[in-house]
Amino acid sequence: KANGKLNVQYQAQVHGNEPAGGEGALAMVKKLSGSYGDKVLQNLNVYVIPRLNPDGSQRNKRTVTATNMDMNRDYLLMKSVETKNAQYIAQIFEPTLMIDSHEYNAGTDLSTDLFGDVLISPGFHTFNTDQFRETSIAMTQGVFDAMAEQNLTYTYYSSDLNSKSAYIGRNYASSKGVLFFLLETRGIDYGSNVYGRRVVSHLVSATQLMDYAYENHQQLMDLVAQEQAHIVEMGTTYDTSNKIALSTTTSKHPEYNLSVTKFYTDTGKSFTSTVAVTIYDVLSRSRVAPTAYVIPAGENWNDAILELMDPHGISYTKIPA
């Protein structure tokens, strides 16, 4: 971290039954060990966690084996040790960019067989700045362009540019001002079908994101530093205009609508469709952003609360009686 380069956290297989994400991460390790790494590692530090959920991966199981916990729904309560470890790693390296590789449920009916090779969701909250959101969308568009060059198909994840659930990885990261990209390929319950194509889709997408970071490393580091300063400022002074979203609704954004190619996996036939893009950006329930909490000392649950604060990076002090 001391060398001043942009740090990239590339993680995969938080769900053990999504294998192409983990394989794509290992393919990136191999790529970084060659001439590609000789180039991009001049401006980037890249650390890779190919299997965030090793027990689930070994058993082809979505959840963490010991606790039956879905790690990607555990970023607030952090009940699993794997989630806590992932967050400690992020605190140590302070990444500017996070890439998170998944696979979605393929199914066998036509409604689930029409999506693209890769589905992408950048993470951002209602309180993130416009510049942060626009940069995230521009980087996503760069991935779409790279996929098109390889004759691979793409779209936004669930046609939504972001999501509203703070306990999910991409939203947790953006709440800390980190650029985060969710990559999804069609793979759950899909066995080895088009496995190479799924792995390549992860590799092409992640390569484009790292290329962008390599070419714009200083701008992205400055952007994230500014975003984090903005978030800290929100919590410094009590201001009724600083709102934290408790629930949000969507609004249409035709300026981001995509004309995309989709294909039937059973026949290989493709067709063009327009995707109407929505964003969770309308507050339906909110509260004023807090500056601090006062927790009574000496209660039975006190230690549990302090144990939870550490992986979140929350500072605390005991006030004298």
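Overview of values
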item	result
Of all residues making up the range 7-26, the number that are open to solvent by less than 10 Å² (accessible area, probe 1.4 Å) and either hydroxyl-bearing (Ser, Thr, Tyr) or assigned to a helix (DSSP H, G or I) (or both)	6
Output for the range 232-251, where each listed residue is touching a residue at least 24 places away in the same chain (Cβ under 8 Å) and part of a helix (DSSP H, G or I)	234
Candidate set: the range 309-320, residues that are among the aliphatic types (A, V, I, L, M) and open to solvent by 50 Å² or more (accessible area, probe 1.4 Å); chosen: the one nearest to the chain's Cα centre (by Cα)	314
Residue selected from the range 169-193 under the condition over 18 Å from residue 97 (Cβ atoms) and out of contact with any strand residue (DSSP E or B) (no Cβ under 8 Å at 6 or more places or on another chain), by the criterion surrounded by the most Cβ atoms within 10 Å (Cβ to Cβ)	193
One residue from 213, 229 being part of a helix (DSSP H, G or I), in contact with a Gly (Cβ under 9 Å, 6 or more places away or on another chain) and farther than 24 Å from residue 273 by Cα	229
Residue selected from the range 232-288 under the condition within 17 Å of residue 144 (Cα to Cα), of a type in the set (Ser, Thr, Tyr) and open to solvent by less than 50 Å² (accessible area, probe 1.4 Å), by the criterion modelled with the lowest pLDDT	273
Residue match in the range 79-101 (condition: under 30 Å from residue 135 (Cα atoms), open to solvent by 30 Å² or more (accessible area, probe 1.4 Å) and small (Gly, Ala, Ser))	no
Cross-chain or 6+ apart pairs with Cβ under 6 Å, the range 12-28 first and closer than 8 Å to residue 52 by Cα, then outside any loop (DSSP other than H, G, I, E, B) and at pLDDT 95 or above	12/21; 12/22; 12/25; 12/101; 13/21; 13/22
Residue check for residue 214: over 25 Å from residue 72 (Cα atoms), of a type in the set (Phe, Trp, Tyr) and surrounded by 15 or more Cβ atoms within 10 Å (Cβ to Cβ)	yes
Residues located in the range 1-51, provided they are touching a His at 6+ places or on another chain (Cβ under 8 Å) and under 19 Å from residue 94 (Cβ atoms)	5, 6, 43, 44
Which listed residue is at pLDDT 95 or above, in a helix (DSSP H, G or I) and of a type in the set (A, V, I, L, M, F, W, C), from 29, 48	29
Qualifying positions in the range 283-297 - in a loop (DSSP other than H, G, I, E, B) and aliphatic (A, V, I, L, M)	289, 292, 294, 295, 297
Selection from the range 33-61 of residues that are of a type outside the set (S, T, N, Q), under 21 Å from residue 182 (Cβ atoms) and open to solvent by 10 Å² or more (accessible area, probe 1.4 Å)	46, 47, 48, 49, 50, 51, 52, 54, 61
Residue check for residue 67: β-branched (Val, Ile, Thr) and either assigned to a loop (DSSP other than H, G, I, E, B) or in contact with a Gly (Cβ under 6 Å, 6 or more places away or on another chain) (or both)	yes
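The values are calculated or read from the model by the stated rules, or taken from the named source; none is laboratory data. Bear in mind that the values here come from a model prediction, so they are computed numbers and not experimental data. For neighbour counting, all protein chains shown are included, and Cβ atoms are generated from backbone atoms with ideal geometry for every residue, glycine included. To get the accessible areas, we keep the full protein, side chains included, count just its heavy atoms, and leave off ligands, DNA and RNA. Shrake-Rupley method; radii C 1.70, N 1.55, O 1.52, S 1.80 Å.
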